[in-house]
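The values are calculated or read from the model by the stated rules, or taken from the named source; none is laboratory data. Model, not experiment: these values are computed from the prediction. With ideal geometry, Cβ positions are generated from the backbone for all residues, glycine too; neighbour counts draw on all protein chains shown. The accessibility values were calculated without ligands, DNA or RNA, using every heavy atom of the protein model including side chains. Shrake-Rupley method; radii C 1.70, N 1.55, O 1.52, S 1.80 Å.
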Amino acid sequence: MWGGRFADGPSAVMREINASIPFDKRLWRQDIAGSKAHARMLKAQGIVGAEDADRILEGLDAIEKEYEAGGLVENLALEDIHMHVEARLAELIGPAAGRLHTARSRNDQVAIDFRLWVRDAVDAIDAGLAAFQRALLTRAEEHAATIMPGFTHLQVAQPVTLGHHLMAYFEMAKRDRSRFADARARMNESPLGAAALAGTSFQLDREATATALGFARPTANSLDSVSDRDFALEFLSAAAMTGLHLSRLAEEIVIWASQPYGFISLPDAFSTGSSIMPQKRNPDAAELVRGHSGRLLGAFQALAVTMKGLPLAYSKDMQDDKEPAFQAYDTLALCLAAMTGMVETLTFNTDRMRAAAAGGFSTATDLADWLVRVAGVPFREAHHITGRAVKAAEDAGVPLPDLPLATLTAIDARIDDRVYEVLSVEASVASRTSFGGTAPDGVRARIADARREIG
């Protein structure tokens, strides 16, 4: 490959550290697609004769079929996927294969291959996120009026509906999809034709290759074209954020499945048993999703550290860009599938949820709001009055709605029997009608809008 410049071949150690074929072989589809687009452009521009270009295209078709059927045979001496394809092409069609690399470097070749792969990965993750959202919508609609405790500091705060709680994760997934969409729009430029770093003296039609590969336009600067890995970093950043959101839901599933909570029953398909305790049902899938989110954060960190000190243009360090992206994609795709399956199959113990929502004096804020709205009490004063009522209920060992009216009026004479209309958990959630609130009608309206948003 190196021609006359080197008299001796690389050492065995050099061959091993230099070779990327063990992992970049998964770029073979993108490499062949980029090579076909390049060959057709070379033919159209008259840079390569029609006969040789047609033989190149036929050879690439044959390699594509071979790899599709049985994969490729790795050879560390050929270093990477690009040289594997080129060497096999030479075996199939002879010297004409050498014309394919006209006006192209491995620098812009790897840039186009990797960008195509990341774009495909974004599309696949977006589909997974859409499936996750649909699962959330189905369960949220089912439980639009199911009452559960809302927490702050993991303490019972106010009653909410389970549907509202699940829709919070829908909104997170919506933002995740928007981040991937933004990243896709920015990466949708073709670096093919930038050559090694300076462009080329051949009269290429970069617009044609960009269009053939589905890009919006060619990149505008040849140095940046081969140096840029922002597209991979943005993919990894969006993947890390998505993993963070999945991890938060996974943590709640772990908590809710514990016996002290008992909010959910885990399906057999997403839980395991114990090797010694036959009664155990462990939330292993959720725990693994929670754990795997760390890998996603690590993948972004790994590539960011690799790129932060590199001068323009290409450096061999950039060979380390692919493994974090590949691993992050595999991890996130698996986590999305697992979390979607769990959401679809969890059994919610709604009686247990409602009982927990009624504990902890969760409608105290409703009493304070009633004092403001009905009795005209300033909120800070209403807050103090309500605190005294909570203390009285705590001392009596009863929930706030069961506190006798005489006790309440003794605390403040402005309280009358109408207050009981707001002290139940059902009344509490029904009253939260502000936009984005937990009232069941509002939750159902948001679900309807969300279905239209995702199609």
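For residues that are in a helix (DSSP H, G or I) and basic (Lys, Arg), scanning just the range 78-133, find the one that is surrounded by the most Cβ atoms within 10 Å (Cβ to Cβ). Result: Arg115.
Is there a residue in the range 423-433 that is assigned to a helix (DSSP H, G or I), of a type in the set (D, E, K, R) and within 20 Å of Thr161 (Cα to Cα)? There is at least one residue in the range 423-433 that is assigned to a helix (DSSP H, G or I), of a type in the set (D, E, K, R) and within 20 Å of Thr161 (Cα to Cα).
Yes or no, residue by residue, for (1) closer than 18 Å to Ser105 by Cβ; (2) open to solvent by less than 60 Å² (accessible area, probe 1.4 Å):
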| residue | (1), (2) |
| --- | --- |
| His153 | no, no |
| Leu162 | no, yes |
| His165 | no, yes |
| Ala198 | yes, no |
| Phe202 | yes, no |
| Thr211 | no, no |
| Ser237 | no, yes |
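Scanning the range 27-71 for residues that are surrounded by 23 or more Cβ atoms within 10 Å (Cβ to Cβ) and either charged (D, E, K, R) or modelled with pLDDT under 95 (or both) yields a total of 1.
Here is a yes/no grid of residues against (1) outside any helix (DSSP H, G or I); (2) in contact (Cβ under 8 Å) with a residue 40 or more places away in the chain; (3) open to solvent by 40 Å² or more (accessible area, probe 1.4 Å):
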| position | (1), (2), (3) |
| --- | --- |
| Thr306 | no, no, no |
| Leu310 | yes, yes, yes |
| Asp320 | no, no, yes |
| Glu344 | no, yes, yes |
| Asp351 | no, no, yes |
| Ala355 | no, no, yes |
| Val377 | yes, no, no |
| Arg380 | no, no, yes |
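When only residues in the range 322-342 that are open to solvent by less than 40 Å² (accessible area, probe 1.4 Å) and hydroxyl-bearing (Ser, Thr, Tyr) count, which is nearest to Leu249 (Cα to Cα)? Only one residue fits best here, namely Thr340. Being in a helix (DSSP H, G or I) and farther than 21 Å from Ala356 by Cβ is the filter here, so list the residues in the range 390-414 that pass it. Scanning the range 390-414 gives Lys391, Ala392, Asp395, Leu405, Ala406, Thr407, Leu408, Thr409, Ala410, Ile411. Exactly one residue out of Ala450, Ala375, Ala396 is of a type in the set (A, V, I, L, M) and within 44 Å of the chain's Cα centre (by Cα): that is Ala450. Residues that are at pLDDT below 95 and part of a loop (DSSP other than H, G, I, E, B) do occur in the range 283-296, at least one of them.
Take Ala77 and decide whether it is out of contact with any His (no Cβ under 9 Å at 6 or more places or on another chain) and modelled with pLDDT of 95 or more. No: the conditions fail for Ala77.
Within the range 419-455, being farther than 13 Å from Ala145 by Cβ and open to solvent by less than 10 Å² (accessible area, probe 1.4 Å) holds for Val419, Leu423, Ala450.
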